[in-house]
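Below: the structure, in structure tokens.
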Amino acid sequence: MHATGSRSFTQTLRKVAGKGSTRTQGLFKYFNNFMEAERNGLEVLILDEAHRIREKSVDRYARKELREKARAQVDELLDAARVPVFLLDQNQVVRPGEMGTPDEIRLAAEAKGLEVRQIDLTDQFRSGGSLAYIEWVERLLGLRDVEDGPQPWDGVDENFEVDVVDSPEELEARLQAYRNAGKGARMTAGYCWPWSDPRDDGSLVPDVTIGAWQRPWNLRGERSVGGAPPSPLWATDPAGFGQVGCVYTAQGFEYDWNGVILGPDLIWRQAADGGGGGWVVRRAESRDGELTKKSVTEGQFERLTRNTYKVLLTRGMVGTLIYSTDEETRAFLRSLMSGRRLVT
């Protein structure tokens, strides 16, 4: 079986890979589906996006008897199969309570007397297989343990394109041009704007407003409204282009061209003496209720915000266009492009 913590990812797999076969659809589960699983009932369980493992599987809707005997979710997953395989990237933890790290999994497995084999995947398909771009993003956001921070993107990987745009209008127009040429494209943004339900007439509220430019978020529900696809299918349905996606609908997916809006929750400021600079994370600008809870510390909020943008910036398979709502941040990002522009 295959399991994830992502509703969007799992439902898309059921729809695409499991099309026409209820048996195949049944192979795709969620992490919280194994609370009552038979011990070693499966030969192999693939736990994809395992950085999204949570402390417990139970929630307020679970039966009383399940809540009373609730175990750690990682223990349930380790017990469900003879060979559980955890695939993860700890720099993609984006919500409080997600705890899937190599150390957490290893400790839980060794406590059960299980042998652990760790394999580091140095090659990948994400971002067109560009390890140079992944490193560039992680250095940009301070997610790599290196002394020197952001580096110029000078076209070191000719198979992947990166550019900074000057407005959301330019961002959308260029993505639309790629779509007209037969490529897939999506826009995403940090969760810095309100998120309204559709109006009674089925139209979507353009909550993401930047100057005169306005677009709605992707739908939150599981049914199509006003021609927009349901939330789980936003990344794969062509009708999803008209809405701005968030990290919770984009995570786990890729599309050819990736347009990312850095919101006012993450801005770059130069040092007062003119030397160097750094990111400023502004909690007051976030509209993500999960991240702004009092139980989330400032340090946790900062790390989760950086991880969120890491996820958003690594969805493109051909290239990424970046726009920041902050002028100084745009200037800094543009300085990293070494004067290189894309051919549109």
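The values are calculated or read from the model by the stated rules, or taken from the named source; none is laboratory data. What you see is a predicted model; the values in this text were computed from it and never measured. Positions of Cβ are generated from backbone atoms using ideal geometry, with glycine treated the same way; all protein chains shown enter the neighbour counts. Please note that ligands, DNA and RNA were not included when accessible areas were found on the heavy atoms of the full protein model with its side chains. Shrake-Rupley method; radii C 1.70, N 1.55, O 1.52, S 1.80 Å.
Restricting attention to segment 134-148, and to residues there that are assigned to a loop (DSSP other than H, G, I, E, B) and open to solvent by 30 Å² or more (accessible area, probe 1.4 Å), which single residue is farthest from ALA331 (Cα to Cα)?
Here is the first cut: in segment 134-148, the ones assigned to a loop (DSSP other than H, G, I, E, B) are 141-148.
Applying the additional criterion that residues be open to solvent by 30 Å² or more (accessible area, probe 1.4 Å) yields 142, 144-148.
On the way: GLY142: 18, ARG144: 23, ASP145: 25, VAL146: 24, GLU147: 23, ASP148: 20 Å.
Looking at the filtered set, the residue picked out is ASP145.
Conditions: (1) open to solvent by 70 Å² or more (accessible area, probe 1.4 Å); (2) under 21 Å from GLU254 (Cα atoms). ARG287 meets all but one. Number of the miss?
In the conditions (1) open to solvent by 70 Å² or more (accessible area, probe 1.4 Å); (2) under 21 Å from GLU254 (Cα atoms), ARG287 misses (2) alone.
Name the helices (runs of 4 or more DSSP H) wholly within segment 1-117 that hold at least 2 residues that are under 17 Å from the mean Cα position of the chain (by Cα)? Step through it out loud before you land on a result.
Values: elements: 7-16, 22-25, 64-68, 73-80, 102-111.
Filter on segment 1-117 gives 7-16.
Looking at this structure, is ARG174 charged (D, E, K, R), in contact with a helix residue (DSSP H, G or I) (Cβ under 7 Å, 6 or more places away or on another chain), part of a helix (DSSP H, G or I) and modelled with pLDDT of 95 or more?
Details: charged (D, E, K, R): yes; in contact with a helix residue (DSSP H, G or I) (Cβ under 7 Å, 6 or more places away or on another chain): no; part of a helix (DSSP H, G or I): yes; modelled with pLDDT of 95 or more: yes.
Here the answer is no, as ARG174 does not meet what is asked.
Any residue in segment 98-113 that is surrounded by 15 or more Cβ atoms within 10 Å (Cβ to Cβ) sitting within a Cβ distance under 6 Å of a residue that is of a type in the set (Gly, Ala, Ser)? List the pairs, counting only those 6 or more apart or interchain.
GLY100/ALA50
Collect the residues in segment 219-238 that are in contact with a strand residue (DSSP E or B) (Cβ under 6 Å, 6 or more places away or on another chain) and among the aliphatic types (A, V, I, L, M), keeping them in residue-number order. Steps first, please.
Filtering segment 219-238 for residues in contact with a strand residue (DSSP E or B) (Cβ under 6 Å, 6 or more places away or on another chain) gives 219, 234.
LEU219, the sole residue that qualifies.
Take the residues in segment 219-234 that are outside any helix (DSSP H, G or I) and of a type in the set (A, V, I, L, M, F, W, C); name whichever of them is surrounded by the fewest Cβ atoms within 10 Å (Cβ to Cβ). Break it down into steps so the answer makes sense when it comes.
At the first step, the residues of segment 219-234 found to be outside any helix (DSSP H, G or I) are 219-230, 234.
From what is left, the residues that are of a type in the set (A, V, I, L, M, F, W, C) are 219, 225, 228, 234.
Details: LEU219: 23, VAL225: 16, ALA228: 23, TRP234: 27.
Residue satisfying both the conditions and the ranking: VAL225.
Pick from segment 177-212 the residues that are in a helix (DSSP H, G or I) and farther than 23 Å from SER224 by Cα: which of them is most open to solvent (accessible area, probe 1.4 Å)? Let's see the steps before the verdict.
Quick first cut of segment 177-212, residues in a helix (DSSP H, G or I) only: 177-180.
Now narrow it down to the ones that are farther than 23 Å from SER224 by Cα: 177-178, 180.
Working: ALA177: 52, TYR178: 26, ASN180: 120 Å².
Out of the qualifying residues, it is ASN180.
Just for segment 253-264: of the residues that are open to solvent by 10 Å² or more (accessible area, probe 1.4 Å) and farther than 14 Å from PRO229 by Cβ, which one is modelled with the lowest pLDDT?
GLU254
Residues in segment 149-163 that are aliphatic (A, V, I, L, M) and open to solvent by 50 Å² or more (accessible area, probe 1.4 Å): how many? Explain how you work it out, then say what you get.
Residues of segment 149-163 aliphatic (A, V, I, L, M): 156, 162.
Add one more test, that the residue is open to solvent by 50 Å² or more (accessible area, probe 1.4 Å), and what stays is 156.
Within segment 149-163, residues that are aliphatic (A, V, I, L, M) and open to solvent by 50 Å² or more (accessible area, probe 1.4 Å) number 1.
Looking at LEU131, LEU42 in this structure, which one is of a type outside the set (Phe, Trp, Tyr), open to solvent by 20 Å² or more (accessible area, probe 1.4 Å) and closer than 29 Å to TRP257 by Cβ? Break it down stepwise before answering.
Working: LEU42 fails: closer than 29 Å to TRP257 by Cβ.
Exactly one residue qualifies, and that residue is LEU131.
Do any residues in segment 316-338 that are touching a residue at least 12 places away in the same chain (Cβ under 8 Å) have Cβ atoms under 8 Å from those of residues that are open to solvent by 10 Å² or more (accessible area, probe 1.4 Å) and basic (Lys, Arg), where the two are at least six apart or on different chains, and which pairs are they?
MET317/ARG126; VAL318/LYS183; LEU321/ARG174; TYR323/ARG330; SER324/ARG330; GLU328/ARG269
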